[in-house]
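Note sheet for the following structure.
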Amino acid sequence: MSLRNIHLFGSPVLRQRSPEITTVDDEVRTLIADLFETMRFSKGVGLAANQVGLARRVAVVETDEQHSYALVNPVILERQGSVKDEEGCLSIPDIYGDLERAERVVCEAGDENGVRRRIEGTGLLARAIQHEIDHLDGILFLDRVGPFKRRRLIKDWEKGRKGQTGYIKELAAEGAAQG
């Protein structure tokens, strides 16, 4: 397992629809392990492969010890209810917005062994599943807020990045410094 660098808002890979995984092999299992490690290090509740620069239809979510899932080729089968809540993203650090998501979802996805399973989620788990599947479709949470709010959040993002260049947050160096 190793930390992967996170691609930030503006990186083209975040806008790509990730292609399906045809076979869950050791390379995919390593990617899943790295996604979990990177997500935990960054104190997130989900991370998609394109957020680490790989357009692959793989994501992970973990809201607590009992709700930790690899999502290979995930598909939402059911959505129920609606709830508005604050959301953020590891690819857009320190920017948060309120948006509506389904309150409950049923998702089908492969696990780290390629076995398809159904995952039912409510609350934060439902929000995280929807957020990560959006990433795999090239959609950011900013795309789901109103136009005025989106402009303000993007301005806040640009203001916070004043003087910074590039679209990569290097975690490997941070991890080595802490380890």
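Need the C-alpha centroid separation for the range 85-111 versus the range 14-29, integer Å.
So the two Cα centres are separated by 20 Å.
Give, rounded to the nearest 20 debye, the magnitude of the charge dipole that the range 38-94 has about its Cα centre when Lys and Arg contribute +1 at Cβ and Asp and Glu contribute -1 at Cβ.
Details: 6 positive and 8 negative charges, 64 e Å.
With only Lys, Arg, Asp and Glu charged at Cβ, the dipole is about 300 debye.
From the backbone phi of the range 50-60, what are the Karplus-calculated ³J(HN,Hα) couplings (6.51 cos²θ - 1.76 cosθ + 1.60, θ = phi - 60°) in whole Hz, Gly and Pro given as x?
Going residue by residue, I get 5, 6, 10, x, 10, 7, 9, 7, 9, 8, 10 Hz, with x marking Gly and Pro.
Under a 1.4 Å probe, what is the accessible area of the range 17-157 per residue, stated in Å²?
Working: 6650 Å² over 141 residues.
Each residue of the range 17-157 exposes 47 Å² on average to a 1.4 Å probe.
Roughly speaking, what % of Cα-Cα pairs in the range 53-179 are separated by over 22 Å, rounded to a whole number?
Numbers: 3568 of 8001 pairs.
Roughly 45 percent, rounded to a whole number.
Over the chain, with every protein chain in place, what whole percent of the accessible area is carbon and sulfur at 1.4 Å, could you tell me?
Numbers: 4400 of 9380 Å².
Carbon and sulfur together cover 47 percent of it.
In the range 77-102, whose amide N lies under 15 Å from the spot 7 Å out along Cα-to-Cβ of GLU108? List them in ranges.
77-79, by backbone N distance to the label point.
Peptides 142-152, 32-42: what's the order by average Cβ count within 10 Å, highest mean first? Before the final figure, lay out the partial values.
Details: 142-152: 13.4, 32-42: 19.6.
Top to bottom by mean Cβ count within 10 Å: 32-42, 142-152.
The values are calculated or read from the model by the stated rules, or taken from the named source; none is laboratory data. Note that the coordinates shown come from a computational prediction; the quantities given were computed from them, not determined experimentally. We place every Cβ from the backbone using ideal geometry, glycine too, and count neighbours over all the protein chains shown. Each accessible area value is taken on the protein alone, full model and side chains, heavy atoms only, with ligands, DNA and RNA left out. Shrake-Rupley method; radii C 1.70, N 1.55, O 1.52, S 1.80 Å.
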